[in-house]
Structure formats: structure tokens, C-alpha cells
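Down below is the structure, laid out as C-alpha cells.
The values are calculated or read from the model by the stated rules, or taken from the named source; none is laboratory data. Please read these numbers as outputs of a predicted model, since none were measured by experiment. Neighbour counts run over all protein chains shown; Cβ positions are idealised from the backbone, glycine included. Note: accessible area is taken over every heavy atom of the protein model, side chains too, but ligands, DNA and RNA are not part of it. Shrake-Rupley method; radii C 1.70, N 1.55, O 1.52, S 1.80 Å.
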Amino acid sequence: MDVRVTAFILLTVSGKNIVYFDLETQRSISDVGGYANKAKLCISVAVTYSTATDEYLIFGEDDLDALTDQLLKADLVVGWNHIGFDYPVLQAYVIPNLKEQTLNLDMMLDVKERMGRFLKLDNVASTSLGTGKSADGLDAIRWWQEHKKTGEFGPLRKIAEYCAYDVKVTRFVHEYGMKNGFIKYEDAGNVIELPVEW
């Protein structure tokens, strides 16, 4: 489905269950031999926020059926590159075709369609909201390796907190775009407003 059509559909589901979604992986792209092998990355932690329940949920590798069920029941799933990255990683664990069986707004894809190139979530969040991501995916992979090596819960908690913060930032960027009709990003030191129809 065209991402602009998906964005327009969002206007009709206001007040319903929007689920914001992100996940972290156990391995890096270089560990598995490139983007063609995303299904081998394996999930360490996934996090959702639901507007229907007003709560964040944390899922481990053993909880992915419950995660999938929440995504399938959502009126809209919102993420940043979740169509091209998170879904292919999760798809290795579950039977339903997530891309086809969920209604989605991938804000990164929508931005690319509007301006012709990709933007990083951190750029948009820091420029629009004044705050960016708390770490990066490589930190989460390092924490996972530390957890596997020591068996300690602390590194796993760090991954969950980082992933939950990413979901929160994703949600706030989306809400900012809905409220203002644009998002902001920085390009060569200049702050630019990009109109959106979220």
C-alpha cells in the first residue's frame, strides 16, 4: 500500500488503537553477512506502546506470539523503518505475513517518498522535539552479548529501556507531525520543515 494512502487512513482511526513498535537484535548486519540475511539477526527485546491501553509492553524472544497478536489487532502500527527492518526480523519467528496483515505507517518510508531520501529518526527527533535517541543499536547488541556471557539481568534491562525510549521518541515524532502538519530536520546546519499528512 502507498505510504501516503496509509498516512491518510490514519486520519480516520484517530482515537482508536495505534501501536508504536520497535525491536532490538542480538546480532549486527555485519554479523549475519548483510541486509539480505536480516532474518538471522534474532530478537533480543521488542517494545510496543498502545494508545488503547496507554502502556508500554516489553517482549522477549519467548513472547513473540503475544507481540504479533497485538500488532495484528492494532488499528494502525507506527514505526520508523519497521517495514524494512523490524518486520523482516520478527517474520522469522511467526506465521502471519505482518506486512500484508497489518495497517502500517512507516514514517521513514513516508519521509523518503516526500523528500526523495531517507532521514534518521535521531535527526528528526532532535530537531523537532529537542531530544534524540538515548543510544544506538550497536550498544544494544553489546549489552545483549554481555547478558549472554554473564547471565546478569542488568544488560537486558538496558536494552529494554533503550528500546522503550526509542518507541517513546517514535510516538512523540508521530504526534508532533499530526499536531503541526510538519516535522523538522537538520540539513547542513539548516533547520527545515517537511510537511506531513499524519
Qualifying residues in region 1-58 (those that are charged (D, E, K, R) and surrounded by 13 or more Cβ atoms within 10 Å (Cβ to Cβ)) - the one modelled with the lowest pLDDT: Arg4
Which residue pairs have Cβ atoms under 6 Å apart, sit 6 or more places apart or on different chains, and have a first residue in region 73-94 that is more than 23 Å from Phe172 (Cβ to Cβ) and a second that is among the basic types (Lys, Arg)? Pro88/Lys38; Val89/Lys38
Can you pull out the residues in region 128-159 that are farther than 17 Å from Glu24 by Cβ, open to solvent by 30 Å² or more (accessible area, probe 1.4 Å) and touching a residue at least 40 places away in the same chain (Cβ under 8 Å)? Leu129
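Is it fair to say Glu193 is free of Cβ contacts under 8 Å to residues at least 40 places away in the same chain, farther than 25 Å from Met115 by Cβ, open to solvent by 60 Å² or more (accessible area, probe 1.4 Å) and of a type outside the set (Lys, Arg)? Even if it seems obvious, please write down each step before you answer.
Details: free of Cβ contacts under 8 Å to residues at least 40 places away in the same chain: yes; farther than 25 Å from Met115 by Cβ: no; open to solvent by 60 Å² or more (accessible area, probe 1.4 Å): yes; of a type outside the set (Lys, Arg): yes.
Criteria not met by Glu193.
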How about region 32-58: which of its residues are among the polar types (S, T, N, Q), over 14 Å from the mean Cα position of the chain (by Cα) and within 20 Å of Ile159 (Cα to Cα)? Ser44
Conditions first: (1) open to solvent by less than 30 Å² (accessible area, probe 1.4 Å); (2) in contact with a helix residue (DSSP H, G or I) (Cβ under 9 Å, 6 or more places away or on another chain); (3) assigned to a helix (DSSP H, G or I); (4) closer than 29 Å to Val111 by Cα. Tyr176 passes all but one, so which condition is the exception? (1)
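In region 179-198, what residues are part of a strand (DSSP E or B) and either of a type in the set (A, V, I, L, M) or in contact with an Asp or Glu (Cβ under 6 Å, 6 or more places away or on another chain) (or both)? So that I can check it myself, show each step before the final result.
Filtering region 179-198 down to residues part of a strand (DSSP E or B) leaves 182-187, 190-195.
Result: Phe182, Ile183, Lys184, Val191, Ile192, Leu194.
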If Lys148 passes every condition in (1) among the basic types (Lys, Arg); (2) within 19 Å of Gly84 (Cβ to Cβ); (3) at pLDDT below 95 but one, which one does it miss? (2)
Thr170 being among the β-branched types (Val, Ile, Thr) and open to solvent by 60 Å² or more (accessible area, probe 1.4 Å): no
Matching residues, region 80-118, being open to solvent by less than 10 Å² (accessible area, probe 1.4 Å) and over 21 Å from Ala36 (Cα atoms): Leu105, Met107, Asp110, Val111
